[in-house]
1. If you scan segment A:31-53, which residues turn out to be over 13 Å from the mean Cα position of the chain (by Cα) and either surrounded by 19 or more Cβ atoms within 10 Å (Cβ to Cβ) or within 13 Å of chain B (Cβ to nearest Cβ) (or both)?
2. Name the residue that is farthest from residue A:81 (Cα to Cα), counting only residues in segment A:1-21 that are out of contact with any Leu (no Cβ under 6 Å at 6 or more places or on another chain) and of a type in the set (A, V, I, L, M, F, W, C).
3. Of the numbered conditions (1) part of a loop (DSSP other than H, G, I, E, B); (2) closer than 30 Å to residue B:8 by Cα, residue A:84 satisfies every one except a single condition; which is it?
4. Restricting to segment A:75-96, and then to whatever is at pLDDT below 95 and surrounded by fewer than 19 Cβ atoms within 10 Å (Cβ to Cβ), can you tell me which residue is nearest to the other protein chains (Cβ to nearest Cβ)?
5. Would you confirm whether or not segment A:5-21 contains a residue that is assigned to a loop (DSSP other than H, G, I, E, B) and at positive phi?
6. I'd like the full set of residues that are touching a residue at least 24 places away in the same chain (Cβ under 8 Å) and part of a strand (DSSP E or B), limited to segment B:29-54.
7. Residue A:62 is checked against (1) more than 10 Å from chain B (Cβ to nearest Cβ); (2) under 13 Å from residue B:100 (Cα atoms) and fails just one. What number does that condition carry?
8. Take the residues in segment B:8-65 that are away from every other protein chain (no Cβ under 14 Å), β-branched (Val, Ile, Thr) and open to solvent by 60 Å² or more (accessible area, probe 1.4 Å), then tell me which one is nearest to the chain's Cα centre (by Cα).
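The values are calculated or read from the model by the stated rules, or taken from the named source; none is laboratory data. Predicted model, so just to flag it, every value in this text is computed and none were measured. FYI the Cβ positions are ideal-geometry reconstructions off the backbone, even for glycines, and counts take in every protein chain you see. Just so you know, the surface numbers come from the protein's heavy atoms only, side chains and all, with ligands and any DNA or RNA stripped out. Shrake-Rupley method; radii C 1.70, N 1.55, O 1.52, S 1.80 Å.
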Amino acid sequence: NAGVTQTPKFRVLKTGQSMTLLCAQDMNHEYMYWYRQDPGMGLRLIHYSVGEGTTAKGEVPDGYNVSRLKKQNFLLGLESAAPSQTSVYFCASSPNTGVFEETQYFGPGTRLLVL
Amino acid sequence: KQEVTQIPAALSVPEGENLVLNCSFTDSAIYNLQWFRQDPGKGLTSLLLIQSSQREQTSGRLNASLDKSSGRSTLYIAASQPGDSATYLCAVKDGGSQGNLIFGKGTKLSVKP
């Protein structure tokens with residue numbers, strides 16, 4: 001099993017450009033998450049999904065859109081990139097979010113630089 | 001709003017020392033607490049997960065404790081090794097955050113040979 005994979009690993013964008021980050025998991029997990037990690041800020045949740053066809057906003061959703069058309073994929077879109085979106089983006093998945101849940105499994109991250 | 005704080009932000013120790021990393025949280029109504037490890041340029045790897053009804057969890061040289069009433073958790077690393085060098089992140093899950101994880105900013109550990 002590959003676990004959680006992210007594409008691309010690194011990308012440079014100009015302000016105003018758009019792009020889509022792809023997250024894929026092969027563990028048949030119901031829940032998937034997108035985080036961003038910035039120096040001094042820790043990890044912050046952008047959007048999440050509790051199942052195929054569902055999405056919800058996290059702590060910092062502005063400027064991002066997501067889609068979960070297939071259970072194994074979770075896409076994060078930037079319609080008009082801004083320098084403030086320069087960050088490392090992590091995708092994660094988990095089997096459930098019940099009270100006695102298992103942990104989240106993280107991908108290796110995508111480094112995004114917006115000039 | 002739940003806040004998670006980790007102290008110290010960075011720690012440097014000689015190989016072989018036993019060490020303690022601290023995590024505190026402001027709202028004791030949590031479902032669980034997790035400790036993760038992050039190596040430079042990599043994703044997070046789960047180390048230990050403590051359910052709200054548990055007091056501690058152990059895995060090899062790692063032991064994590066949870067005191068919900070005081071809003072504290074500690075990660076104890078025994079006989080530290082250079083390979084333990086990484087950033088350690090604490091995260092709590094509570095109902096107030098839509099059941100999602102709230103992360104601390106991490107403790108960067110360096111174990112010198």
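1. From segment A:31-53, those over 13 Å from the mean Cα position of the chain (by Cα) are A:38-42, A:50-53; that's our starting set.
Listed by number, the residues that qualify are A:38, A:39, A:40, A:41, A:42, A:50.
2. A:2
3. Only one criterion in (1) part of a loop (DSSP other than H, G, I, E, B); (2) closer than 30 Å to residue B:8 by Cα is unmet by residue A:84, namely (1).
4. Top of the filtered list is A:96.
5. We begin by selecting, within segment A:5-21, every residue assigned to a loop (DSSP other than H, G, I, E, B); these are A:8-9, A:14-18.
So of that shortlist, the ones also at positive phi come out as A:16.
Among the residues of segment A:5-21, at least one is assigned to a loop (DSSP other than H, G, I, E, B) and at positive phi, which makes the answer yes.
6. Hits for segment B:29-54 are B:30, B:31, B:32, B:33, B:34, B:35, B:36, B:37, B:38, B:44, B:47, B:48.
7. (2)
8. Ranking the qualifying residues of segment B:8-65, first place goes to B:20.
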